[in-house]
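Worksheet for the structure shown next.
The values are calculated or read from the model by the stated rules, or taken from the named source; none is laboratory data. Predicted model only: the values in this text are computed from it and were never measured. All Cβ positions, glycine included, derive from the backbone under ideal geometry; neighbour counts span all protein chains shown.
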């Protein structure tokens, strides 16, 4: 498979994007000016603003025309929570007032850094689900075509170490069992669990990505070969961290090298199950009398707590958005089109082809 970074740059050039783009300004308001001169700013999404530079200004209107008067320059020093940052004043030409306006210019994340743990998945028409003679549960039927855009999906489940950074920067609530926002170092490689769908969505927004749809999740594992498991159609004990492996707990991501899809996505059959973006609905053409709850979201993948029939890639479970458990985590995804948008907005910087 071609290097995804080169594919990204080629696609941008074909679509007419410039590799060097200016960042889009983010409007902010001053909530508090502290005694040391730092300012607490209210922003729409603080997750990508650490290190951002900006201006403090006010607007004057004369003879029907408005003009912005810049009175200071600032730099974001700290992300306080999901919607607040702390900025320090670099220079000013007048005393700053809370009524003044602020515009921030985010520092773009290099594409190589943004895509560091992501696997490129080519788009196309995927076969999702199973025919009845191959399915073990009605909700897996029928097999049907689904058109997918090219996208990236995380190679591994989000780890405790990654989630801790999110909690530290946004002051998001802690998962059950966490004593503080700094977990033991030895726990950092484990997949984060005990998170609700809302928690997973909050992390994904902070990371400038989203949860994968259940179709993206299934295609990343089954590929065009329509495998039942990442390695093939037959279950093999000790190929993944399932109940049969008798480990009885989650393991650091990629502990089972055999639990790897043809695309290179890890831990789809075992370790922990995963939230998806998808509302739990019947597949097109499925008329079986089964309860589908629009307040439930699809959970995909096997776990250390379940047997092989629940670890098959077509298996679908569902849970309410406030559900959390020690065997459910998540990974993130982003389509090429969504990535293009981040680059156009200056939030991600495209890298030159190597």
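Is it the case that residue 161 is over 18 Å from residue 207 (Cβ atoms), surrounded by 13 or more Cβ atoms within 10 Å (Cβ to Cβ), in the same structural domain as residue 198 (by TED's automatic domain parsing) and touching a residue at least 12 places away in the same chain (Cβ under 8 Å)? So residue 161 does not fit the description; no. Residues in the stretch 29-40 that are surrounded by fewer than 16 Cβ atoms within 10 Å (Cβ to Cβ) and part of a loop (DSSP other than H, G, I, E, B): 34, 35, 36, 37.
Considering the conditions (1) touching a residue at least 12 places away in the same chain (Cβ under 8 Å); (2) surrounded by fewer than 21 Cβ atoms within 10 Å (Cβ to Cβ); (3) closer than 29 Å to residue 255 by Cα, residue 311 is excluded by exactly one of them, (2). Is one or more of the residues making up the stretch 181-192 outside any helix (DSSP H, G or I), within 17 Å of the chain's Cα centre (by Cα), within 20 Å of residue 297 (Cβ to Cβ) and assigned by TED's automatic domain parsing to the domain that holds residue 275? Yes, the stretch 181-192 has at least one match. Among the residues making up the stretch 41-69, those that are in a strand (DSSP E or B) and either within 30 Å of residue 201 (Cα to Cα) or assigned by TED's automatic domain parsing to the domain that holds residue 208 (or both) are 41, 42, 53, 54.
Being touching a strand residue (DSSP E or B) at 6+ places or on another chain (Cβ under 8 Å), assigned to a loop (DSSP other than H, G, I, E, B) and in the same structural domain as residue 212 (by TED's automatic domain parsing) is a property that holds for residue 253.
Within the stretch 74-108, the residues that satisfy the criterion of being touching a helix residue (DSSP H, G or I) at 6+ places or on another chain (Cβ under 9 Å), over 14 Å from residue 32 (Cβ atoms) and in a strand (DSSP E or B) are 76, 79.
Consider residue 181 carefully, then state whether it is touching a helix residue (DSSP H, G or I) at 6+ places or on another chain (Cβ under 6 Å) and within 30 Å of residue 32 (Cβ to Cβ). Spelling it out, residue 181 is indeed touching a helix residue (DSSP H, G or I) at 6+ places or on another chain (Cβ under 6 Å) and within 30 Å of residue 32 (Cβ to Cβ). Within the stretch 199-222, the presence of at least one residue that is modelled with pLDDT of 95 or more, more than 20 Å from residue 159 (Cα to Cα) and out of contact with any strand residue (DSSP E or B) (no Cβ under 6 Å at 6 or more places or on another chain) is confirmed.
Does residue 47 fit the bill of being modelled with pLDDT under 95 and within 18 Å of residue 342 (Cβ to Cβ)? For residue 47, the condition - modelled with pLDDT under 95 and within 18 Å of residue 342 (Cβ to Cβ) - is met. Just wondering, is there one or more residues in the stretch 226-235 that are touching a helix residue (DSSP H, G or I) at 6+ places or on another chain (Cβ under 6 Å) and surrounded by 24 or more Cβ atoms within 10 Å (Cβ to Cβ)? Scanning the stretch 226-235, I find at least one residue that is touching a helix residue (DSSP H, G or I) at 6+ places or on another chain (Cβ under 6 Å) and surrounded by 24 or more Cβ atoms within 10 Å (Cβ to Cβ), so the answer is yes. When each of 292, 310, 323 is tested for being over 24 Å from residue 178 (Cα atoms) and at pLDDT 95 or above, the lone residue that passes is 310. All of (1) under 16 Å from residue 25 (Cα atoms); (2) surrounded by 15 or more Cβ atoms within 10 Å (Cβ to Cβ); (3) at pLDDT below 95 hold for residue 80 with one exception: (1). Taken over the stretch 193-217, the criterion of being assigned to a loop (DSSP other than H, G, I, E, B), within 19 Å of residue 115 (Cα to Cα) and in contact with a helix residue (DSSP H, G or I) (Cβ under 9 Å, 6 or more places away or on another chain) is satisfied by 207, 208, 209, 211, 212. Determine which single condition residue 145 fails, assuming it passes every other condition in (1) in a loop (DSSP other than H, G, I, E, B); (2) more than 19 Å from residue 274 (Cβ to Cβ); (3) in contact with a strand residue (DSSP E or B) (Cβ under 8 Å, 6 or more places away or on another chain). All conditions pass for residue 145, except number (1).
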